[in-house]
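J.: Let me give you the structure first, and then I'll get to my questions.
Derivation of every value follows stated rules applied to the coordinates shown; laboratory data play no part. Since the structure is predicted, the reported quantities are computational estimates derived from the model, not experimental observations. Quick reminder, even Gly has a Cβ in these numbers, built from the backbone with ideal geometry, and neighbours come from all protein chains shown.
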Amino acid sequence: MTFVRTALGRIGRYVFLCFLVVFFALPVLWLVTAPFDRAPALRLSLPEFTLDNFRLLMDNPYALRSLGNSLIISLGTMAVVLVLAALASYALSRVRVPGRDLLLYTLLLLSSIVTGTAAMVPTFVLITELRLIDQHLAVVLVMAGGLLPAAIFILKDFMDNTPQSYEESARVYGASSLQILRHVVVPIARPGLATIAVWSVVQVWGNFLVPFILLRTANKFPAAVVMFTFYTEGGQPNLALISAFSLLFSVPVVLLYLFVNRRYGFRFYGGIKR
Amino acid sequence: VRQSATGDAAGLGRLRASGFIAPAMVLVGVFLVFPALWTLYLGVTNWRLTGFAAAQPEFVGLENYLSALTDDRFLTSLRLTLVFVLGSAVLGQTTIGFAVAWLMRRTAPPVRAVVETFILLAWILPSSVVAFLWLALLDRRDGTLNAILGSEGTAWLLEYPMQSIIVFNIWNGAAFSMLLYSSALASIPPSQLETARMVGAGTWATLRDVVFPNIRGHVLTNTLLITLWTFNLFTPYLLTRGGPEQRTEILPVYVYQVALRDGALGPGAAISLIMILINLAIALAYMRVLKERRR
């Protein structure tokens, strides 16, 4: 009896595992086969190997420009978040500002409830009134505003755990506070800063909604938005282009993920992905 | 001397510290706090994208809220959102995520690596890419799913739109629950599981009497977080555009259609505020759980 039950349990386990692998792998396989297929179709098939699709991608001005736009927007947001969060978290960590914890928790709460989706309307109206519609700067500012509270929160925690003795001695030798920040604190806090940098790039790189509502002209679209404009002259999705483009667009995220995974273990990445 | 007592090792002083904090606060204030507060005002106007009301919006009182709450399309959208969140996040992602975490404890490392890699991949790929992958999978004429099931010509996104986006979101987001439950299960004292095994408790009894009481806090945390995220998920728009016949018009899609596609910014802002308040309720519940867990 127990033997039968154990056997059945084991079979059930393997059936379930197979189902899981098929369910989760099936949609993704297209991303590895279609880009290298001579005639990519929607249906999954073994590719007749070619790199022509990537050549097509290189010749398409919108495709390349959109990847450049994604790069501008993500690196721009990263720079803003990194500099402002480093300054703020350092000051919050070292100087007792009244109501500091309340401020931090309130901002964190706000950033988790005022999401791009829920605040779509006021954000759009604000950017329109500021005459920033259809500018990359608008996307950078809106994304940075949303990411900053969490970035400050994580970095402050990090700064709290770095020793202060170096700063004291630098001060004894007459360094100004900006010099101390640049030459003493930043090198010590580098792992924390790297984490925030990777995290903000990942958040912005794949974001569809914010550029979708704030940008108008096709040559300003980032990769996430431009994908849905790739059609052939016959009105069908241009699969050769879309497949190669999707792969190229996904690779940086996967690489960054592997980087974070190797350095900090993926539990950490799990904690910070929104 | 006073400064080092407060931990101000770099000698910033309050004034310079405020200077360091101010730029971040200004940016957050303008692009996060202000829009949220402004929603209160926008929602009581007839602000439009184009036309006369675009130039001179008028005060309309609570009209936007009243018409939203009596509008069938809004109420239907609210109901669809509930179905979507319950089905895909609370039931789907939680169950799959927990089941994987539970089974993986005693699975050979290579198998475990394969399963986890694919689940994580579904989670980390850009949303536009995963949306297109599912459009390809579910395509009526040439989709892989129809080829495998032999269900030629089934238009999944037209015939079963809500079911499709629910399954899509389970696939898309199960990774988070898997990660969270993996670490939750690792925190259960092995001696308790050992005792359960010694007294011959079956799987269900072990789960009910040993595992669940230990990870109750994690279950609540996980449920509230994925509820909040799923409630704000815009990706289903890329699969169905809210259709057919508004059958997948969940709130994120609804607010987009009303405010940005049709240009009714005032009524849209009213819906935005309702969404922010629902988010607030979920977030406050989450913070309460955290506080109780810390105790």
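J.: Might you report the magnitude of the Cβ-based charge dipole of the protein assembly as shown about its Cα centre, with Lys and Arg at +1 and Asp and Glu at -1, to the nearest 20 debye? Mind showing how you got there, number by number?
T.: Details: 44 positive and 28 negative charges, 360 e Å.
The dipole magnitude comes to about 1720 debye.
J.: Okay, moving on. Amide H neighbours of B:Thr45 under 5 Å, at least 5 residues apart or on other chains, H built in the peptide plane: list them.
T.: For B:Thr45, whose amide H was placed from the backbone, the distant partners under 5 Å are B:Val60.
J.: Quick check: residue separation of A:Gln179 and A:Ile72 times 0.36 nm, minus the Cα distance between them. What number comes out in nm? All intermediate terms of the calculation are to be shown ahead of the outcome.
T.: Numbers: separation 107, 0.36 × 107 = 38.52 nm, distance 2.84 nm.
Answer, rounded to one decimal: 35.7 nm.
J.: Decide, for the protein assembly as shown, between rounded, prolate and oblate: order the square roots of the alpha carbon gyration tensor eigenvalues as a ≥ b ≥ c, take rounded if a/c falls under 1.5, and otherwise choose prolate if a/b is larger than b/c, else oblate.
T.: On the way: a/c = 1.45, a/b = 1.13, b/c = 1.28.
Rounded, because the longest to shortest axis ratio a/c is under 1.5.
J.: Show me, for the stretch A:197-212, the HN-Hα J-couplings you get by feeding each phi into the Karplus relation (A = 6.51, B = -1.76, C = 1.60, θ = phi - 60°), rounded to Hz, glycine and proline as x.
T.: Calculated HN-Hα couplings, in order: 4, 4, 4, 5, 4, 4, 4, 7, 3, x, 5, 9, 5, 4, x, 4 Hz.
J.: Taking only complete DSSP H runs, can you tell me which helices of chain B stretch 24 Å or more along their own long axis by Cα positions and average at least -0.5 on the Kyte-Doolittle scale?
T.: B:161-186, B:212-231, B:265-294
J.: How high is the FRET efficiency between A:Ala79 and B:Arg288 when r is their beta carbon distance and R₀ equals 25 Å, given to the nearest 0.05? Working shown, then result.
T.: Values: r = 37 Å, r/R0 = 1.47.
Rounded to the nearest 0.05, the efficiency is 0.10.
J.: Okay, next question. Tell me the mean residue ellipticity at 222 nm calculated for chain B from its helices only (DSSP H runs of n ≥ 4, each -39500 (n - 2.57), averaged over every residue, nearest 500). Walk me through the numbers on the way to the answer.
T.: On the way: 18 runs with 202 residues, N = 295.
Counting only the DSSP helices, I get -21000 deg cm²/dmol.
J.: May I ask you to list the GluC sites (Glu not before Pro) in the stretch B:97-170 that are in a DSSP loop and have at most 16 other Cβ atoms within 10 Å of their Cβ? Walk me through the intermediate numbers first.
T.: Values: sites: B:Glu116, B:Glu152, B:Glu159; in loops: B:Glu152.
In loop regions of the stretch B:97-170 (DSSP not H, G, I, E or B), the sparsely surrounded GluC sites (Glu not before Pro) are B:Glu152.
J.: Put +1 on the Cβ of each Lys and Arg and -1 on the Cβ of each Asp and Glu in the stretch B:141-295; which of B:Asn146, B:Leu228, B:Leu239 then has its Cα farthest toward the positive end of the dipole?
T.: Result: B:Leu228.
J.: Moving to a separate point now. Which shape class, rounded, prolate or oblate, goes with the stretch A:204-266 when its Cα gyration tensor gives a ≥ b ≥ c as root eigenvalues, a/c under 1.5 marks rounded, and past that a/b bigger than b/c marks prolate? Working shown, then result.
T.: On the way: a/c = 4.04, a/b = 1.68, b/c = 2.40.
Since a/c reaches 1.5 but b/c is at least a/b, the shape of the stretch A:204-266 is classed as oblate.
J.: Can you figure out the FRET efficiency of A:Thr217 with B:Thr95, using R₀ = 35 Å and their beta-carbon distance, to the nearest 0.05? Provide the component values of the computation, followed by the final result.
T.: Details: r = 44 Å, r/R0 = 1.26.
Calculated value: 0.20.
J.: Describe numerically, in nm with one decimal, the distance between label points set 7 Å from Cα along Cα→Cβ at B:Ser183 and at B:Ala22.
T.: 3.8
J.: Which value in deg cm²/dmol, rounded to the nearest 500, describes the helix-derived mean residue ellipticity at 222 nm for chain A, given -39,500 (n - 2.57) per DSSP H run of n ≥ 4 and division by the residue count?
T.: On the way: 13 runs with 194 residues, N = 274.
Roughly -23000 deg cm²/dmol at 222 nm, from the helical runs in chain A.
J.: Once you average over the residues of B:113-124, how many Cβ atoms of partner chains fall within 10 Å of each Cβ?
T.: Working: counts 0, 5, 5, 2, 4, 10, 5, 7, 9, 5, 5, 11.
Counting other chains' Cβ atoms within 10 Å and averaging over B:113-124 gives 6.
J.: In addition: Which one of A:Ser250, B:Ala184, A:Val114 is farthest out on the positive end of the charge dipole of the protein assembly as shown, using unit charges on Cβ (Lys, Arg +1; Asp, Glu -1) and the Cα centre as origin?
T.: About the Cα centre, the residue reaching furthest to the positive side is B:Ala184.
J.: Follow-up question, since we're still on this one. Grab the beta carbon distance between A:Arg131 and B:Val83, set R0 = 45 Å, and tell me the FRET efficiency rounded to 0.05. Please list the in-between numbers first.
T.: Numbers: r = 40 Å, r/R0 = 0.90.
E(calc), rounded to 0.05, equals 0.65.
J.: Would you mind computing, in nm to one decimal, how far apart the modelled labels at B:Thr195 and B:Leu158 are, each placed 7 Å from Cα along Cα→Cβ?
T.: Once both label points are built, they end up 6.0 nm from each other.
J.: Please give the helix A:61-94 orientation as an angle from the longest Cα principal axis of chain A, in degrees from 0 to 90, rounded to the nearest 10.
T.: Once rounded, the angle reads 30 degrees.
J.: What nm distance separates the two modelled labels at A:Asp52 and A:Leu29, each placed 7 Å from Cα along Cα→Cβ?
T.: 2.4
J.: Count neighbours as other Cβ atoms within 10 Å of each site's Cβ, and list the chymotrypsin sites (Phe, Trp or Tyr not before Pro) in the stretch A:102-211 that are DSSP loop with at most 14 such neighbours.
T.: The qualifying sites are A:Tyr173.
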